[in-house]
Amino acid sequence: MAAKLRKGDKVVVLAGKDKGKQGEITTVMPAKGKAIVEGVNVAIRHTRATQGDQGGRQPVAMPIDLSNLALLDANGKATRVGFKLEGDKKVRFAKTTGDVI
């Protein structure tokens, strides 16, 4: 099945503690149905110091469920994603504006 949300997409959070926040997808985990979004669902992780880097409290973006994310369209609003054929190629498009993503 084709992925509706992909790495590099600008998304908005629909539900949860970060509702309304926007960011870019850095990683998608299709098997788990989750994605990591830059600046969203950030947790503090305590790391031990190693020879390479200093330890301490590090903010780390944690995975968020794909169902809680929506793609941002050209107008900056949340939209659903559809698929259509252009010629012989399958493309994603924004349902609100009809623009190809």
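Let me confirm something: among 91, 60, 11, 28, which residue is touching a residue at least 40 places away in the same chain (Cβ under 8 Å) and part of a strand (DSSP E or B)?
On the way: 91 fails: touching a residue at least 40 places away in the same chain (Cβ under 8 Å); 60 fails: touching a residue at least 40 places away in the same chain (Cβ under 8 Å); 28 fails: touching a residue at least 40 places away in the same chain (Cβ under 8 Å).
So the residue among 91, 60, 11, 28 that is touching a residue at least 40 places away in the same chain (Cβ under 8 Å) and part of a strand (DSSP E or B) is 11.
Out of all the residues in the stretch 43-77, which are open to solvent by 70 Å² or more (accessible area, probe 1.4 Å) and polar (S, T, N, Q)? Residues satisfying the conditions are 50, 51, 54, 58, 67, 75. Working only within the stretch 14-25, note down all residues that are in contact (Cβ under 8 Å) with a residue 24 or more places away in the chain, surrounded by 12 or more Cβ atoms within 10 Å (Cβ to Cβ) and among the charged types (D, E, K, R). Answer for the stretch 14-25, where residues must be in contact (Cβ under 8 Å) with a residue 24 or more places away in the chain, surrounded by 12 or more Cβ atoms within 10 Å (Cβ to Cβ) and among the charged types (D, E, K, R): just 18.
Here is a yes/no grid of residues against (1) among the acidic types (Asp, Glu); (2) at pLDDT 95 or above; (3) under 10 Å from the mean Cα position of the chain (by Cα):
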{"position": "2", "(1), (2), (3)": "no, no, no"}
{"position": "10", "(1), (2), (3)": "no, yes, yes"}
{"position": "19", "(1), (2), (3)": "no, yes, no"}
{"position": "42", "(1), (2), (3)": "no, yes, no"}
{"position": "50", "(1), (2), (3)": "no, no, no"}
{"position": "62", "(1), (2), (3)": "no, yes, no"}
{"position": "70", "(1), (2), (3)": "no, yes, yes"}
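Within the stretch 31-40, being part of a loop (DSSP other than H, G, I, E, B) and under 13 Å from the mean Cα position of the chain (by Cα) holds for 33, 38, 39, 40. Selection of the stretch 78-88 for residues being surrounded by fewer than 11 Cβ atoms within 10 Å (Cβ to Cβ) and not in a strand (DSSP E or B) yields 87, 88.
The values are calculated or read from the model by the stated rules, or taken from the named source; none is laboratory data. Quantities reported herein were computed from a predicted structural model and do not represent experimental measurements. Every residue, glycine among them, receives a Cβ derived from its backbone with ideal geometry; neighbour counts consider all protein chains shown. Surface accessibility is based on the protein's heavy atoms, side chains included, excluding ligands, DNA and RNA. Shrake-Rupley method; radii C 1.70, N 1.55, O 1.52, S 1.80 Å.
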